[in-house]
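Beneath this line is the structure, given in structure tokens, with notes to follow.
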Amino acid sequence: MPWRRPVGPRLRMSGRHRLAELRNVVPVVLPSLLLCDFGDLASEIRRLEAAGVRALHLDVMDGNFVPNFTYGMTIVEAVRRRTDLPLDVHLMIAQPERYVRAFRDAGADVITVHAEATHRPIDLLEEIHSLGAAAGLAINPPSPVSAIQDCLPYCDLVLVMSVQAGFGGQAFNPIALDKLRELRGQVGRDTLLEIDGGITAETIGPAAEAGAELFVVGSAIFRTPDYTQSFSQLTSQARRGLCAA
Ligand code: DX5
Ligand code: ZN
């Protein structure tokens, strides 16, 4: 039996409750654990906590729905044992319905699935809710907002991809800004809008202005020497964009 940390009160809260807490502190920059040093995960998490991050984003890729392969529930569970921060798990996998329970059991607070990966998005979002997690739905750049129209009332979060899912370090696709503006006009304040891919100090402001509240960042944190500095610079740029909105 592996050693387990005692479960603190925050971890007993439902994922929807934990996401609601983030809503109170937007804009929130979520480091994506894709480009971090997995050989020293514990110290990477410590550095991010010291930088003041409010939640972590975990990119799960299966080499099938996307051409890249990352990690599964073992890493989610390892991260869960090291931190009480909310874990936002982005599933870039085929047949996500087969695995949502396992990711919830591993400690995911928010589980986001791709609209392009499932034929039954509403059932899946409801299943994620029934597991006690917050439910997110993601769309890749070619998918229009109209493709997920019927699902919006079931989403706690909508993830607008500003790169084609699969790899970190890609260039920002501004088509995401149009989709955020469109979504902002359609969902209530209870539904959080998240953007992921190519977010930098230059792109984060326009994304906030277009309606994003949660910002996933890989390279612009992990390819810099000082996480605290890059995280706070990104957060203040996002605040500026949000104020201009
Ligand atoms: C891409 C992933 C992203 C990625 C972001 O498929 O979903 O979370 O890690 O990395 P950057 O910020 O480098 O685009
Ligand atoms: Zn992601």
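Any read-out appearing in this document is the output of simple, stated calculations on the displayed coordinates, not a laboratory observation. All figures in this text were calculated on a predicted structure; none of them were measured in a lab. A quick note on method: Cβ atoms are made from the backbone with ideal geometry, for glycine too, and the neighbour counts reach across all protein chains shown.
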Under 6 Å by Cβ, and 6 or more places apart or on different chains, what pairs join a residue from region 81-109 that is more than 12 Å from GLY132 (Cα to Cα) and away from ligand 2 (no atom under 16 Å from the Cβ) with one that is of a type in the set (D, E, K, R) and assigned to a helix (DSSP H, G or I)?
-> ASP84/ARG10; ALA106/GLU77
In region 132-147, the residues that are touching a helix residue (DSSP H, G or I) at 6+ places or on another chain (Cβ under 8 Å) and surrounded by fewer than 18 Cβ atoms within 10 Å (Cβ to Cβ) | GLY132, PRO141, SER143, PRO144, ALA147
Subset of region 125-162 [more than 19 Å from LEU19 (Cα to Cα) and away from ligand 1 (no atom under 16 Å from the Cβ)] | PRO144, VAL145, SER146, ALA147, ILE148, GLN149, ASP150
For region 98-115, which residues satisfy the criterion of being crowded, with 17+ Cβ neighbours inside 10 Å and charged (D, E, K, R)?
-> ARG104, ASP109
Which ones in region 148-159 are surrounded by 15 or more Cβ atoms within 10 Å (Cβ to Cβ) and either in contact (Cβ under 8 Å) with a residue 60 or more places away in the chain or part of a helix (DSSP H, G or I) (or both)?
-> ILE148, CYS151, LEU152, TYR154, ASP156, LEU157, LEU159
Residue selected from region 46-62 under the condition crowded, with 21+ Cβ neighbours inside 10 Å and either over 17 Å from GLU213 (Cα atoms) or among the aromatic types (Phe, Trp, Tyr) (or both), by the criterion farthest from the chain's Cα centre (by Cα) | LEU48
Out of (1) hydrophobic (A, V, I, L, M, F, W, C); (2) in contact (Cβ under 8 Å) with a residue 60 or more places away in the chain; (3) within 13 Å of ligand 1 (Cβ to nearest atom), what's the single condition that is false for ALA207?
-> (2)
In the set VAL29, VAL25, the lone residue that is within 16 Å of ligand 2 (Cβ to nearest atom) and either among the aliphatic types (A, V, I, L, M) or free of Cβ contacts under 8 Å to residues at least 60 places away in the same chain (or both) is VAL29
Identify the single condition in (1) within 16 Å of ligand 2 (Cβ to nearest atom); (2) under 15 Å from the mean Cα position of the chain (by Cα) that GLU116 does not satisfy, given that it satisfies every other one.
-> (2)
Taking region 78-93 and keeping only residues that are surrounded by 19 or more Cβ atoms within 10 Å (Cβ to Cβ) and over 23 Å from SER232 (Cβ atoms), one is left with ARG80, VAL89, HIS90, LEU91, MET92, ILE93
